[in-house]
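Remarks on the structure that follows.
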Amino acid sequence: MLLAIQEFPAYVAPIPTASPAALDASITSIQTLENTLNDAQTAYHVKVQDRQNVFDTNSNAIDKLLAPIRTFVEAITSDTDAQYIELNRLIKRIRGAAPKKSTNAINVSAAKKSQVEMTFNSRQHDFGLIINILESLSVPYTPPNADISIPNLIIVKDAAFSSTSKVETAQGVLKELTTKRLDSFKNLTAQCQSIKKFVKAQYGLHSTEYDRIKSLKI
């Protein structure tokens, strides 16, 4: 449409937003916004993958630490010990809550995405409770495996909270940009519709100028 109205002889825009310059500015703004949105989508995917690494993929991911933690605690207590039973319950809950697949698609439903975020929040909370149990065991928790030592588990817990927070921040930025993009296209559609009306008014319903743009849609 921009190219068309730029070529129309003596086209007069009755209002500033119907001018070729204004339409050009709107298109440029949307193109810039598209680039920003693409960058935000990439950043979101990266943050989601970082979180997945902390929870499930890394060699010292939370999911991979649970079994050796349980085995060592069972060895120094017993499977009938109240603290072991609670620890085992938390481990089962963490594993039961784990998503079957990583959900990082931009186009998943808001409800599904919200459910995934709550799942990760729940898992990191329960992992913190496990560390609390280990710190309060009636017998010293001193595993020879440094990966499941309390200082290392605290590092992993902090990484989990950090990665989750970064995903939430990236998701917020992405949501804001997506809404802004939708609003920009709505405004562009309204702008183009007004230009069509002005072209029809200036050149006539059966004019070559109006015929050229009347079927164009945004």
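Of note:
- From the list Asn60, Asn35, the lone residue that is within 30 Å of Ser165 (Cβ to Cβ) and outside any helix (DSSP H, G or I) is Asn60.
- Which listed residue is closer than 18 Å to Phe72 by Cβ and surrounded by fewer than 16 Cβ atoms within 10 Å (Cβ to Cβ), from Asp183, Asp211, Asp147, Asp158: Asp147
- Taking (1) surrounded by fewer than 16 Cβ atoms within 10 Å (Cβ to Cβ); (2) more than 19 Å from Thr178 (Cβ to Cβ) in turn, Pro20 satisfies each apart from (1).
- Among (1) of a type outside the set (Gly, Ala, Ser); (2) surrounded by 12 or more Cβ atoms within 10 Å (Cβ to Cβ); (3) modelled with pLDDT of 95 or more, the one test that Thr32 misses: (2)
- Segments classed as helices (runs of 4 or more DSSP H), wholly inside the range 110-218, with at least 2 members that are of a type in the set (Asp, Glu) and out of contact with any Phe, Trp or Tyr (no Cβ under 9 Å at 6 or more places or on another chain): 110-135, 150-203
- Positions within the range 35-70 being of a type in the set (Gly, Ala, Ser), crowded, with 17+ Cβ neighbours inside 10 Å and over 12 Å from the mean Cα position of the chain (by Cα), in sequence order: Ala61
- Scanning the range 1-16 for residues that are crowded, with 16+ Cβ neighbours inside 10 Å and not aliphatic (A, V, I, L, M) yields Phe8, Tyr11.
- For Thr189: the one exception among (1) in contact with a helix residue (DSSP H, G or I) (Cβ under 9 Å, 6 or more places away or on another chain); (2) modelled with pLDDT under 95; (3) among the β-branched types (Val, Ile, Thr): (1)
The values are calculated or read from the model by the stated rules, or taken from the named source; none is laboratory data. Here the structure is a predicted model, which means the values were calculated and not measured. Neighbour counts run over all protein chains shown; Cβ positions are idealised from the backbone, glycine included.
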